[in-house]
Ligand code: FES
């Protein structure tokens, strides 16, 4: 693994949502509702992160490092709603420099926390399929 362990770096400028909002995961067009009362959904990734939302709603999204900002397998692209997402921390910026198919709105799902002020559309790269998670 590479990069610092975010458990020791408190996230800055992360606002959790105050109201329900929706996230559509492409390419499967799976749309889910995020309920702030249920955050944290899991213990993988930052509380309220897109990775937690995906896991909670059985949207498969790789997360090989367990949401510790160390692997980039949770890479996705925010197609709509990027302005409502938490700012990137240095560790995320550094990791994203090396991801395949990087785009301006690329994020690591484990580090991207929407504030709930608008609905989002996110696209999971084709090599990281949004299949129903088999537990
Ligand atoms: S799960 Fe490893 S960087 Fe997000």
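Every number in this text was worked out from the coordinates using simple rules, so none of it is lab data. Everything numeric here is computed off the predicted structure, so don't read it as measured data.
Relative to the compact-globule scaling 2.2 N^0.38 Å, provide the ratio for the alpha-carbon radius of gyration of the range 20-123.
0.95
Before anything else, pin down the relative contact order of the chain: Cα pairs under 8 Å, at least 6 apart, normalised by residue count, whole percent. Can you show the working numbers first?
Details: 279 pairs, mean separation 47.0, N = 135.
Reported as a whole number, the value is 35 percent.
State the extension gain, in nm to one decimal, for the chain segment bounded by residue 103 and residue 88, taking 0.36 nm per residue of separation less the distance between their alpha-carbons.
Length difference between fully extended and current span is 4.0 nm.
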